[in-house]
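Everything on this sheet refers to the single structure shown next.
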Amino acid sequence: MSKLDRMLSREQCEDLREYAEKRQVMLGNYKYSGADIDLIKELIDAAWEVLRVVSELKGTGRKLFTIWLCDMSDGDFAEVKKSAPHILRLNEKYARDKELLKSDYKNEADKGKFVRGTVYLSVVYHEMGHMHEFRNGYVAFAIINKR
Ligand SMILES: [Zn+2]
């Protein structure tokens, strides 16, 4: 599949951008992601759920809370780098395929790599826990382990 095959329409991009903006989320690098629009909205909602409570994660100025779609190694759902604790990097492969995200996440949770009983939305909750951790220097288990 080429980059162009994965291009979202102008309307889809606009829809997503607006949806994210209303929930104080910056969305990045999605135009050629082939992302599942409904899945991205669900992930944005999950982020918004946390942002409403932990408002410091909204960020400020040029470092607003961002979901950035990108190529990542196969086993990774998402990550936050210490050097950019306002950016939740989301594996494009999963952004395109909710069923794959659901089943791979379930397998990992069953293995104990993530909290048992949590579902795919916890990818967002977990990474936001790391954001909090990187900002404050301690692990906010309550967030990281949120179901
Ligand atoms: Zn982690």
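Go through ALA109, ALA84 for me and flag whichever is of a type in the set (Gly, Ala, Ser), out of contact with any strand residue (DSSP E or B) (no Cβ under 7 Å at 6 or more places or on another chain) and more than 21 Å from ASP36 (Cβ to Cβ).
ALA84
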Spot the failing condition for VAL53; the list is (1) within 16 Å of the ligand (Cβ to nearest atom); (2) over 10 Å from the mean Cα position of the chain (by Cα), and only one is missed. (1)
The lone condition LYS102 fails out of (1) within 10 Å of the chain's Cα centre (by Cα); (2) under 30 Å from SER2 (Cβ atoms); (3) not acidic (Asp, Glu) is (1)
Is there a residue in the range 8-17 that is over 15 Å from the mean Cα position of the chain (by Cα), crowded, with 17+ Cβ neighbours inside 10 Å, part of a loop (DSSP other than H, G, I, E, B) and of a type in the set (A, V, I, L, M)? yes
Since ILE87 meets every condition but one in (1) within 14 Å of the ligand (Cβ to nearest atom); (2) surrounded by 17 or more Cβ atoms within 10 Å (Cβ to Cβ), which condition does it not meet? (1)
Pairs only if they're at least six apart or on different chains, beta carbon under 6 angstrom, first in the range 102-129 and more than 17 Å from LYS41 (Cβ to Cβ), second at pLDDT below 90 and surrounded by fewer than 18 Cβ atoms within 10 Å (Cβ to Cβ); list them, first residue then second. ALA109/ARG116; VAL115/ASN145; THR118/ARG147; GLY129/ALA140
Which numbered condition in (1) surrounded by 15 or more Cβ atoms within 10 Å (Cβ to Cβ); (2) under 20 Å from LYS102 (Cα atoms) is the only one that VAL54 fails? (2)
Within the range 92-119, track down each residue that is more than 15 Å from the ligand (Cβ to nearest atom), hydroxyl-bearing (Ser, Thr, Tyr) and surrounded by 15 or more Cβ atoms within 10 Å (Cβ to Cβ). TYR94
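The values are calculated or read from the model by the stated rules, or taken from the named source; none is laboratory data. All values derive from a computational prediction rather than experimental measurement. When we count neighbours, we look across all protein chains shown, and the Cβ atoms used for this are built from the backbone with ideal geometry, even at glycine.
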